[in-house]
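For reference, the structure is listed below as structure tokens.
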Amino acid sequence: MAGVERKLTTIVAADAEGFSKLMGADEAGTLAALKACRAIMDATITEHQGRIFGGAGDSLIAEFASPVQAVIAANEFQRQIAERNEHPDTPLAMPFR
């Protein structure tokens, strides 16, 4: 197999739980919550050497060269989003899976 280059990667996919229902109830609030959550996710993924390469609406797809960094990043943004959602000043909780 001369000339074949092999690349290992780990993919992280996430989307907001109940996004369509949230949009139906409060479009402006849902979009604001999504923007806040995406800021957390984007920063955490970048911090752990990940690269966001896809997504639509409430979804996100990122790749990592290291499975360890992927798991650490996913755990970290889930923790930060959970803290955001539990804060009493948060107007709209948006859990991600």
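Plugging the Kirkwood radius over Cα pairs into Stokes-Einstein for the stretch 23-78, at a temperature of 37 °C and a viscosity of 0.692 mPa s, what D comes out in µm²/s?
275 µm²/s
To the nearest 500 deg cm²/dmol, what mean residue ellipticity at 222 nm is calculated for the chain from DSSP H runs of n ≥ 4 alone, each contributing -39,500 (n - 2.57), summed and divided by the residues?
On the way: 3 runs with 48 residues, N = 97.
Helix contribution divided over all residues of the chain: -16500 deg cm²/dmol.
Convert each backbone phi in the stretch 55-62 into a coupling constant with the Karplus relation 6.51 cos²θ - 1.76 cosθ + 1.60 (shift: θ = phi - 60°), then list the ³J(HN,Hα) values in order as whole Hz, x for Gly and Pro.
For the stretch 55-62, the Karplus curve yields x, 8, x, 8, 9, 8, 10, 10 Hz.
Leaving ligands, DNA and RNA out of it, report the carbon-plus-sulfur percent of the accessible area of the chain at a 1.4 Å probe.
After summing per-atom areas, the C and S share lands at 57 percent.
On a 0 to 90° scale, report how tilted helix 67-86 is relative to the longest principal axis of the chain, with both axes built from alpha carbons and the result rounded to the nearest 10.
Roughly 0 degrees, rounded to the nearest 10.
Scan (i) 57, 23, 16; (ii) 40, 32, 19; (iii) 34, 24, 19 for the value of Cα extents along the principal axes in Å calculated from this model and give just the label.
So the calculated entry is the one marked (i).
Could you do me a favour and compute the accessible area per residue for the chain, 1.4 Å probe, result in Å²?
The answer is 63 Å² per residue.
The values are calculated or read from the model by the stated rules, or taken from the named source; none is laboratory data. Nothing here was measured: the structure is a model prediction, and the numbers come from that model. These accessible areas exclude ligands, DNA and RNA; they are computed on the full protein's heavy atoms, side chains included. Shrake-Rupley method; radii C 1.70, N 1.55, O 1.52, S 1.80 Å.
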